[in-house]
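The values are calculated or read from the model by the stated rules, or taken from the named source; none is laboratory data. None of the values given here were measured: they were computed from a predicted structure.
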Amino acid sequence: MATNSKIDLSKLVRAAANDDPEAWAELIVQITPMLRRAGAGFRLRREDLEDAIQNTWLQAFKRLGALRDPEALVGWLIVTVRREALRALQSALREVPSESSAMPAGVDPLTVEDIVLERERTAALRSAVQRLPFRQRSLLERMIAAPGARYGDLAEQLEMPLGSIGPTRERALTRLRGDDVLAHVAA
């Protein structure tokens, strides 16, 4: 089937929306070259362009049933592949901090009051954590000491079942919220 006929495209889109694998295959064969041309203008590496196209088709697969106008599919796919290409470009950019950009012009450094308040918040949080039951306290202390630690690592270090890390954390945070400690810490 060719997509140069609006009737054929509409039929293909409806059939693909009804999980017809042949219709999906035909849509992909007919439309992918257009997506490749639309994404080529971003001068991505070949692999990144192919990822953008694949992500575009994945979005189409997830949302095709919600498409009201089958004729809008090609335009929607082109917009989507361009957005995916932009994401690929943005993910390739890396920020490298330097000493000259540590403090933007016009921004006041921390005041003495800010420092005192931060120390008070930290002390209040540490005091509240110390009042938690041993297991909850141990978990939160480990999480505070190693922000972003994986649950698997925490479970191994604390000799806790992996499945109990999240619930134990939640019980500890609920207890801290009940003491209104987190409200004061966040203020």
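Observations on the structure shown:
- Screening Arg37 against (1) more than 24 Å from the chain's Cα centre (by Cα); (2) of a type outside the set (A, V, I, L, M, F, W, C); (3) modelled with pLDDT under 80 leaves a single unmet condition, (3).
- Picking from residues in segment 157-172 that are modelled with pLDDT of 90 or more and aliphatic (A, V, I, L, M), the one that is nearest to Ser138 (Cα to Cα) is Leu158.
- Residue within segment 125-136 that is more than 30 Å from Trp24 (Cα to Cα), assigned to a helix (DSSP H, G or I), of a type in the set (Gly, Ala, Ser) and at pLDDT 80 or above present: yes
- Flag if Ala102 is small (Gly, Ala, Ser) and at pLDDT 80 or above: no
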